[in-house]
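K.L.:
I have a structure I would like to understand better, so I am pasting it below and will then ask my questions one at a time.
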Amino acid sequence: QVQLWESGGGLVQSGGSLRLSCAASEFRFSAYVQSWYRQAPGKERELVASISNGGGGTNYADSAKGRFTISRDNADNTLWLQMNNLKPEDTAVYYCNARGLYLFNSGPQMRDYWGQGTQVTVSS
């Protein structure tokens, strides 16, 4: 069972920056997409940004374009989200996700793993 841990959330003023990280207990995906999602109170969880191992392509929600940057350290399988120029509407719990073909000893299987989330609060 893969475990993901997010960290780096906190309280920041509007216009400020935060850097979220997501560490994995182990990472034996042969093909994957790793993503950051967020969920604000009373709203559905939404995709913020994603990165794939197939060329490292990235994808961003319109709300994140130009302000957020997703990256990944392949040496230690850490996922990052640099968030700049934060706005009050960015306030949410941010979740790390890893989805793809996991290499179990019994063979590859599709898996979808989530972290526990980290709170980001942006004050106006």
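K.L.:
Hey, what do the phi angles of segment 72-81 turn into as Karplus ³J(HN,Hα) couplings, whole Hz, using 6.51/-1.76/1.60 and θ = phi - 60°, x for Gly and Pro?
P.N.:
My calculation for segment 72-81 gives 9, 9, 6, 5, 10, 6, 9, 9, 10, 9 Hz in order.
K.L.:
How high is the relative contact order of segment 1-115? Use alpha-carbon pairs under 8 Å, at least six apart in sequence, and give a whole percent.
P.N.:
33
K.L.:
Cut-off 20 Å, label point 7 angstrom out along Cα-to-Cβ of Glu26: give me the residues of segment 81-124 whose amide nitrogen falls inside.
P.N.:
So the set is 97-116.
K.L.:
If packing is taken as the average count of other Cβ atoms within 10 Å, what order do 64-70, 100-106, 45-51, 32-38 fall into, highest mean first?
P.N.:
So the order, starting with the most tightly packed, is 32-38, 45-51, 64-70, 100-106.
K.L.:
Taking the simple approach of a point 7 Å from Cα along Cα-to-Cβ for both Glu89 and Ser124, what is their distance in nm?
P.N.:
1.2
K.L.:
Name all residues of segment 79-99 having a backbone nitrogen under 14 Å from the label point set 7 Å from the Cα of Thr58 along its Cα→Cβ direction, giving them as ranges.
P.N.:
79-85
K.L.:
What Kirkwood Rh does the chain have if only Cα atoms enter the pairwise 1/r average? Answer in Å.
P.N.:
In the chain this quantity evaluates to 14.7 Å.
K.L.:
Further, regarding this structure: Among DSSP beta bridges lying fully in the chain, give the percent that are antiparallel, nearest 5.
P.N.:
90
K.L.:
With an 8 Å cut-off on Cα pairs and a minimum separation of 6 or more residues, tell me the relative contact order of segment 1-46 in percent.
P.N.:
About 32 percent, as a whole number.
K.L.:
Going by average Cβ neighbours within 10 Å, how do the peptides 18-24, 56-62, 86-92 rank, with the highest at the top?
P.N.:
Packing order, densest peptide first, comes out as 18-24, 86-92, 56-62.
K.L.:
Counting only residues 5 or more places away or on other chains, whose amide H sits under 5 Å from the amide H of Gly16 once H atoms are built in the peptide plane?
P.N.:
Amide H to amide H, under 5 Å and 5 or more residues apart or across chains, Gly16 pairs with Leu86.
K.L.:
Of the accessible area of segment 1-72, with the probe set at 1.4 angstrom, what percent is carbon plus sulfur?
P.N.:
That share works out to 44 percent.
The values are calculated or read from the model by the stated rules, or taken from the named source; none is laboratory data. This is a predicted model, so every value here is computed, not measured. Here Cβ is always computed from backbone atoms with ideal geometry, including for glycine, and neighbour counts include all displayed protein chains. The protein model used for the area step is the full one, side chains on, heavy atoms only, and it has no ligands, DNA or RNA in it. Shrake-Rupley method; radii C 1.70, N 1.55, O 1.52, S 1.80 Å.
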